[in-house]
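Read through the structure below, which is laid out as structure tokens, and then see the notes.
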Amino acid sequence: MRQKISVYQVAAKNLLRKKNRSALTVLGIGLSAWVLLSLLGFNRGYEAALNKDIDNMGFQVLVAAKGCPYEAATLMLKGGTGLRYMNESVIRDILRHPEVEKVTPMLMQAVFDPNKGESGGLSAYLGVDPATFPALKSYLKFKQGAWFTDTRSHEAVLGYEAAELEQREVGDLLLIPEKNIELKVVGILARSGTQDDGTIFVPLRMLQKEFGQEGRVTGIGIKVDRRADITALENRLYDLPDVQVVSMAQVKETIMSLVSTAKVMVLSIALIAILIAMLGVVNTILMSVIERTQEIGIVKSMGAMPWDVFRMIWTETVILCLLGGGVGIGLSAALSKVTDVLIRRLLPYTPTGSLVAIDSGLALLTLVVILGIGLVSGVYPAWRAARVRPLESIRSEGE
Amino acid sequence: MNHAGNLLRRSTFALVLSVLLAARLFPAVGCDLNDPDRDVKRLFPGATSYKTLYVSVTEKGGAPLLRRIEARLGDRFKGLYETADVPYTLYLVYKSKNLIGYIHGVNQKGRYGGLQVFLALDLQGNIRSFYFQKLTSQYAKLLRDPSFGRQFEGLNLKDFNAYDVTTGASREGGRVAAIRNPAPQAEDDFRAALRAVKKNLILVDEFLLGNQYLKDGAQP
């Protein structure tokens, strides 16, 4: 009985003849696919995580005292201590704008705690208004207790990580070092995956009084009507004296421009990795063609046409690239957490949440790119194999 | 060919290991040295290297181990944060290739915040040095004074077995009873520190010393 052998079977068998060489080539392609897919995932994940962080702020515009805009951005996103003050009366002016739905005043204060770590460190407190702040941060849920109800009480609500570090629970005491002020913990927030996890919230009026900042705030969060033109509102808010307006869109733009440098670096590495993988493919297939010159000659003398030989060699390339692409996709999915950690160490600011978002669409795109590169890499070896002259190659075997 | 095969196997192993380690990066909060390179040199001046081990009660023995540790401590693990899944960071300190001691810290609830109590121990579990890495108290200066820490030097779990962490009582004439509180107004933090030391020594005995102090029949 005659059995028809397909070109795929022949190609697969050829690759299996040099298992280690094929495996190393697949690994090389896999590594470059990993870098490529991780980069694409980062491209998407970072922006999504940043958007989520910004949405979780609960407000779209922040009005802060005039100063460096980066300080304001840090204040909003990292809870930093850009201590520039403005008069609380600004709230009245802001509320006159019809687009403004809600506002919440905030006061950030920091003290030096000589007993924090080996050589001391800063402890920060965010004074918030219990009447307006919780409404803007509706996504915050409590693990224990609730928000303080009196804006002058000596109470505190702790983000989960702050509470964990200080081992605090509802009913425990908290000390503001330097000032020696005792606060009672009335609430512990559940983990939110945002900067709020590390924040210590205290009543605004109490913080203003204890730090001698009555009538002053460091920021005012504004929730804008969804239908309103935020840019137009921002422009009008700029007319207020001695304040600066930072919109989340600006913050995002600033951070994305900082990150773009890192992206270019990683993209360059990815391109180099792809180039090396491409040369690896050409090398593997070309070596295989040279080693099998006589064999190809015999195949052609038995009636195989140049296109059949070309297709056979090209198929080997495709198989290598498909396997390598698969390995790369597997690596990217398995090591996405490691990639996330590495990126966090590299970048000056990283939002909370996953930085590397890999989905089936990106995986497919990577596979297509790797396959495309493989097809191009396979053209020369396949063309060379197709040009083998049967008689000359068989004669060279005898010699 | 075998060489290439081995290479592939090793690479695969390394990748799998990386995945497993990645899963350990975000557990409940533990107690690490702020600057291990600097701190190890300070606590063991002759040290040339160190290894870090991460161990939790859950991983090491689960509920039965937790019960044994609580029995040895004479107190339950309490609250939101003192749980069996807390990862303890144990530093094994070496001079050339020889193990010369251990460093271990635990978190402990204090009056105004979390305390981080670190012990440097010799291979028999005797305390070489004691210090607070973190402490929030109006009397922190007194409690962090080196003279307070020096009172712990040379003590081990056998001494602390005579200390009751719930009442603060200690056997008359015992070495723990001789430890003086430099800030009587901060009694809560003083007792929290002693509880942290006892817990620290028990965990080191369980995780590193093969329950040396349990076998000796040194329980209260």
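Please verify whether B:Gly74 is of a type in the set (Gly, Ala, Ser), at pLDDT below 90 and under 30 Å from B:Pro146 (Cβ atoms), treating the condition exactly as stated.
no
Would you mind telling me which numbered condition in (1) crowded, with 23+ Cβ neighbours inside 10 Å; (2) closer than 21 Å to A:Val264 by Cβ; (3) among the hydrophobic types (A, V, I, L, M, F, W, C); (4) more than 13 Å from chain B (Cβ to nearest Cβ) A:Val356 fails?
Tallying (1) crowded, with 23+ Cβ neighbours inside 10 Å; (2) closer than 21 Å to A:Val264 by Cβ; (3) among the hydrophobic types (A, V, I, L, M, F, W, C); (4) more than 13 Å from chain B (Cβ to nearest Cβ), A:Val356 fails exactly one: (4).
So if I check each of A:Glu169, A:Glu178, A:Glu164, which one is closer than 24 Å to A:Gly121 by Cα and not in a loop (DSSP other than H, G, I, E, B)?
A:Glu164
Listed residues B:Ser147, B:Ser129; which is out of contact with any strand residue (DSSP E or B) (no Cβ under 8 Å at 6 or more places or on another chain) and at pLDDT 95 or above?
Details: B:Ser129 fails: out of contact with any strand residue (DSSP E or B) (no Cβ under 8 Å at 6 or more places or on another chain).
Result: B:Ser147 is the single residue among B:Ser147, B:Ser129 that is out of contact with any strand residue (DSSP E or B) (no Cβ under 8 Å at 6 or more places or on another chain) and at pLDDT 95 or above.
Which of the residues belonging to region A:201-218 are at pLDDT 90 or above and of a type outside the set (A, V, I, L, M, F, W, C)?
Those that are at pLDDT 90 or above and of a type outside the set (A, V, I, L, M, F, W, C): A:Pro203, A:Arg205, A:Gln208, A:Lys209, A:Glu210, A:Gly212, A:Gln213, A:Glu214, A:Gly215, A:Arg216.
Taking into account only those residues within region A:230-252 that are acidic (Asp, Glu) and either in the same structural domain as A:Leu40 (by TED's automatic domain parsing) or over 29 Å from the mean Cα position of the chain (by Cα) (or both), which is modelled with the lowest pLDDT?
Applying the filter and picking the extreme gives A:Asp242.
For region A:163-181: of the residues being more than 7 Å from chain B (Cβ to nearest Cβ), in contact (Cβ under 8 Å) with a residue 24 or more places away in the chain and not acidic (Asp, Glu), which is surrounded by the fewest Cβ atoms within 10 Å (Cβ to Cβ)?
Filtering first and then ranking leaves A:Lys179.
Please go through (1) crowded, with 19+ Cβ neighbours inside 10 Å; (2) over 30 Å from B:Gln133 (Cα atoms) for A:Leu107 and return the number of the only condition it doesn't satisfy.
Condition not satisfied by A:Leu107: (2).
Yes or no: region A:244-255 includes at least one residue that is among the acidic types (Asp, Glu), in contact with a helix residue (DSSP H, G or I) (Cβ under 7 Å, 6 or more places away or on another chain) and either over 29 Å from A:Ala156 (Cβ atoms) or part of a loop (DSSP other than H, G, I, E, B) (or both). Lay out the reasoning, then the answer.
Quick first cut of region A:244-255, residues among the acidic types (Asp, Glu) only: A:253.
With the extra rule that they be in contact with a helix residue (DSSP H, G or I) (Cβ under 7 Å, 6 or more places away or on another chain), the set shrinks to none.
No: zero hits.
Taking region A:120-155, which residues are touching a residue at least 60 places away in the same chain (Cβ under 8 Å), touching a Phe, Trp or Tyr at 6+ places or on another chain (Cβ under 7 Å) and part of a loop (DSSP other than H, G, I, E, B)?
Listed by number, the list holds a single entry, A:Pro130.
Could you grab me the full set of residues in region A:360-399 that are assigned to a loop (DSSP other than H, G, I, E, B), surrounded by fewer than 18 Cβ atoms within 10 Å (Cβ to Cβ) and in contact (Cβ under 8 Å) with a residue 60 or more places away in the chain? It would help to see each step written out before you state the result.
The first filter runs over region A:360-399 and keeps only residues assigned to a loop (DSSP other than H, G, I, E, B), leaving A:387-389, A:399.
Then keep just the ones that are surrounded by fewer than 18 Cβ atoms within 10 Å (Cβ to Cβ); that gives A:387, A:389, A:399.
Matches in region A:360-399: A:Arg387, A:Arg389.
Scan region A:241-253 for residues that are surrounded by fewer than 15 Cβ atoms within 10 Å (Cβ to Cβ) and closer than 17 Å to A:Gln60 by Cβ and jot them down.
If the condition is that a residue be surrounded by fewer than 15 Cβ atoms within 10 Å (Cβ to Cβ) and closer than 17 Å to A:Gln60 by Cβ, then A:Ala249, A:Glu253 are the ones that fit.
Do you know which residues across region A:81-110 are in contact with a strand residue (DSSP E or B) (Cβ under 8 Å, 6 or more places away or on another chain), small (Gly, Ala, Ser) and either farther than 19 Å from A:Gly159 by Cβ or modelled with pLDDT under 75 (or both)?
Taking region A:81-110 and keeping what is in contact with a strand residue (DSSP E or B) (Cβ under 8 Å, 6 or more places away or on another chain), we get A:81-88, A:90-91, A:94-95, A:99-110.
Filter once more, so that each one left must be small (Gly, Ala, Ser): A:82, A:110.
The one that is in contact with a strand residue (DSSP E or B) (Cβ under 8 Å, 6 or more places away or on another chain), small (Gly, Ala, Ser) and either farther than 19 Å from A:Gly159 by Cβ or modelled with pLDDT under 75 (or both): A:Gly82.
Residue by residue, here is whether (1) crowded, with 18+ Cβ neighbours inside 10 Å; (2) part of a strand (DSSP E or B) holds:
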{"position": "B:Thr89", "(1), (2)": "no, yes"}
{"position": "B:Gly105", "(1), (2)": "yes, yes"}
{"position": "B:Gln108", "(1), (2)": "yes, yes"}
{"position": "B:Leu115", "(1), (2)": "yes, yes"}
{"position": "B:Phe130", "(1), (2)": "yes, yes"}
{"position": "B:Ser137", "(1), (2)": "yes, no"}
{"position": "B:Phe148", "(1), (2)": "yes, no"}
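Scan region A:191-206 and give yes if some residue there is surrounded by fewer than 18 Cβ atoms within 10 Å (Cβ to Cβ), out of contact with any His (no Cβ under 6 Å at 6 or more places or on another chain) and without any contact (Cβ under 8 Å) to a residue 24 or more places away in the chain, otherwise no.
No, region A:191-206 contains no residue that is surrounded by fewer than 18 Cβ atoms within 10 Å (Cβ to Cβ), out of contact with any His (no Cβ under 6 Å at 6 or more places or on another chain) and without any contact (Cβ under 8 Å) to a residue 24 or more places away in the chain.
Can you tell me which residue within region B:156-174, out of those that are in contact with a helix residue (DSSP H, G or I) (Cβ under 8 Å, 6 or more places away or on another chain) and part of a loop (DSSP other than H, G, I, E, B), is surrounded by the fewest Cβ atoms within 10 Å (Cβ to Cβ)?
To start, the set of residues in region B:156-174 that are in contact with a helix residue (DSSP H, G or I) (Cβ under 8 Å, 6 or more places away or on another chain) comprises B:156-158, B:160-161, B:163, B:165, B:168, B:174.
Then drop every residue that is not part of a loop (DSSP other than H, G, I, E, B), which leaves B:156, B:161, B:165, B:168, B:174.
On the way: B:Asn156: 21, B:Asn161: 22, B:Val165: 18, B:Gly168: 14, B:Gly174: 16.
Applying the filter and picking the extreme gives B:Gly168.
Just to be sure before I move on: is A:Leu342 without any contact (Cβ under 8 Å) to a residue 24 or more places away in the chain, in a helix (DSSP H, G or I) and within 13 Å of chain B (Cβ to nearest Cβ) in the structure I sent?
Yes.
The values are calculated or read from the model by the stated rules, or taken from the named source; none is laboratory data. Keep in mind that what you see is a predicted model, and the values were worked out from it rather than measured. Because the Cβ atoms are built from the backbone with ideal geometry, glycine has one as well, and the counts that use them run over all protein chains shown.
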